[in-house]
RNA sequence: GCUCCGAUGGUGUAGUCCGGCCAAGCAUACCGGCCUUUCAAGCCGGCGACCCGGGUCCAAAUCCCGGUCGGAGCACCA
């Protein structure tokens, strides 16, 4: 047997294939396998899977959040588990009260099913009691060093003077922090890890600090707040999380949170950290978006220029698109670049089947078709869906129609073009003359048009520009994603005479 | 600087754990053709990749070592 392998390895591929063809033709038949991309199975027990989405309420969700939302939702659906939306509002200085409402809305519009909502600021007593228990075990101490001093100690791998304070005193100090007797910046509660950890971010990290800001929900009652690493660890345990799927930027946080699990002898969930996605040239920082809105640069969170979930949905991106894109991307831990090309192509696939075709004439130019008889245009609403019917217009003798300025600019003396589904016209001496022919013209010479009684319409585009023009009369009855012929897909709100540009 | 992670076509990915079915699959983009009274969609065909250098092995995208490049973190943000 071995010698056969050696023999084959040493021989030429071509030669082997030639021999195989003659001797065993059937084995060369290679089936083309269909590849539907699916997420890998998660390890561990698949009964009672509990996962969570843990955004901070600093604003609505944006494109960057959609991956964690979709991925967690996908797995919970697969295992019939429970998905918890945990709003991480333990930093009072960074809360937009509107976000408590907007985040669930955004998730719903993405088709993410949340089974339970947990708000961390309503669980502060739980965090306090876990803190007391860790103080008692000597894993948490109260530090009154100045911020810079504490940083220096850590950088030098040295213990600060408070690291060995006794349990009693720590407990006493902690209660003073809870009660508000100690002011912001004067003390913090620190988790004792190891000072010589080679990873500097894991050395004695802060678990609680007193906030100088008033918390919008519980501001009258609480001033002491846990940092995310503490509240996350406590909640992941108390909410019985089985699997945690999040970005690689959280990796060091996971290491920090593990100390809490270890000190309490809690069973850890399985952790997954997918790679970072870079979104070239786009603004995905909630704080910057908020600033822009405050300054009047953007109209609101759903401004077409912003990549918030609400804006993308309003532009006509379908929830299935987000889902397919992120499932296709998988759980890889490699960093990648977001591809609008692929994202748009996926969306086009979903939207095209149902998008009614309409004429939108940008920068309209009024023309008359010299010598034209009374005409009737019957234009399919969808070229491959006859069941959707036709739009019909009657163009009387001497009535005007509108064509696009850019098409007008392209006309040269003697050119014949076709007004789509209406008639051929020849450009002569600056006028358009009716032309008998109905024959199909060469590609590129069919232009769209609008009848006289069209309505004015504008399309807002994500680059901040606006195209103004006319939409054909029947367009005012069609809401939702439509395809403006020779223009692109638009989510149309005809009652307002406006559409939001989806993509080409 | 320190810690941790990663590297497959222009882009997004499959395969890597457990080496042989990988002569590397799929999608997107691009090119050509078909269809079409939209520059859309659809159909057919084509182009195009295992970061570099060593090693182990009959056999390496896959395992080991070194290098290079890229990313995340090193906040009393999440």
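The values are calculated or read from the model by the stated rules, or taken from the named source; none is laboratory data. The shown structure was predicted, so the numbers you read here are calculated from the model rather than taken from an experiment. Ideal geometry is used to build each Cβ from the backbone, glycine not excepted, and the neighbour counts take in all protein chains shown.
A few points about this structure:
- When residue A:245 is tested against (1) outside any helix (DSSP H, G or I); (2) surrounded by 22 or more Cβ atoms within 10 Å (Cβ to Cβ); (3) over 23 Å from the mean Cα position of the chain (by Cα), only condition (3) is not met.
- Within the option set A:389, A:396, being more than 20 Å from residue A:492 (Cα to Cα) and more than 11 Å from RNA strand B (Cβ to nearest atom) holds for one residue only, A:396.
Results for (1) within 11 Å of RNA strand B (Cβ to nearest atom); (2) outside the structural domain of residue A:212 (by TED's automatic domain parsing); (3) within 22 Å of residue A:211 (Cα to Cα), shown as yes or no for each residue.
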| site | (1), (2), (3) |
| --- | --- |
| A:80 | no, no, no |
| A:93 | yes, no, yes |
| A:134 | no, no, yes |
| A:137 | no, no, no |
| A:145 | yes, no, yes |
| A:152 | yes, no, no |
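- Among the residues of the stretch A:252-271, those identified as within 14 Å of RNA strand B (Cβ to nearest atom) and surrounded by fewer than 16 Cβ atoms within 10 Å (Cβ to Cβ) are A:252, A:270.
- Test result for residue A:169, part of a helix (DSSP H, G or I), farther than 30 Å from residue A:286 by Cα and in contact with a helix residue (DSSP H, G or I) (Cβ under 6 Å, 6 or more places away or on another chain): no
- Qualifying residue in the stretch A:272-291 (condition: modelled with pLDDT of 90 or more, assigned to a loop (DSSP other than H, G, I, E, B) and away from RNA strand B (no atom under 12 Å from the Cβ)): no
- Once the stretch A:225-238 is narrowed to residues that are more than 10 Å from RNA strand B (Cβ to nearest atom) and surrounded by 18 or more Cβ atoms within 10 Å (Cβ to Cβ), the residue that is farthest from residue A:326 (Cα to Cα) is A:234.
- Selected residue (only one of A:126, A:107, A:71 is in contact with a helix residue (DSSP H, G or I) (Cβ under 7 Å, 6 or more places away or on another chain), buried (at least 20 other Cβ atoms within 10 Å of the Cβ) and closer than 25 Å to residue A:218 by Cβ): A:107
- Search result, residues across the stretch A:406-420 that are surrounded by fewer than 17 Cβ atoms within 10 Å (Cβ to Cβ), in contact with a strand residue (DSSP E or B) (Cβ under 8 Å, 6 or more places away or on another chain) and within 17 Å of residue A:469 (Cβ to Cβ): A:406, A:408, A:420
- Residue A:186 vs. criteria away from RNA strand B (no atom under 14 Å from the Cβ) and touching a helix residue (DSSP H, G or I) at 6+ places or on another chain (Cβ under 9 Å): no
- So residue A:340, is it within 17 Å of residue A:62 (Cα to Cα) and within 9 Å of RNA strand B (Cβ to nearest atom): yes
- Any hit, the stretch A:368-375, residues being buried (at least 20 other Cβ atoms within 10 Å of the Cβ) and not in a helix (DSSP H, G or I): yes
- The stretch A:193-207, residues that are within 8 Å of RNA strand B (Cβ to nearest atom), in contact (Cβ under 8 Å) with a residue 40 or more places away in the chain and in contact with a strand residue (DSSP E or B) (Cβ under 7 Å, 6 or more places away or on another chain): A:205
- Sole residue being under 34 Å from the mean Cα position of the chain (by Cα), in the same structural domain as residue A:157 (by TED's automatic domain parsing) and outside any strand (DSSP E or B), chosen from A:207, A:184, A:233: A:233
- When A:500, A:487, A:457 are checked against the criterion of being surrounded by 16 or more Cβ atoms within 10 Å (Cβ to Cβ) and touching a helix residue (DSSP H, G or I) at 6+ places or on another chain (Cβ under 6 Å), a single residue qualifies: A:500.
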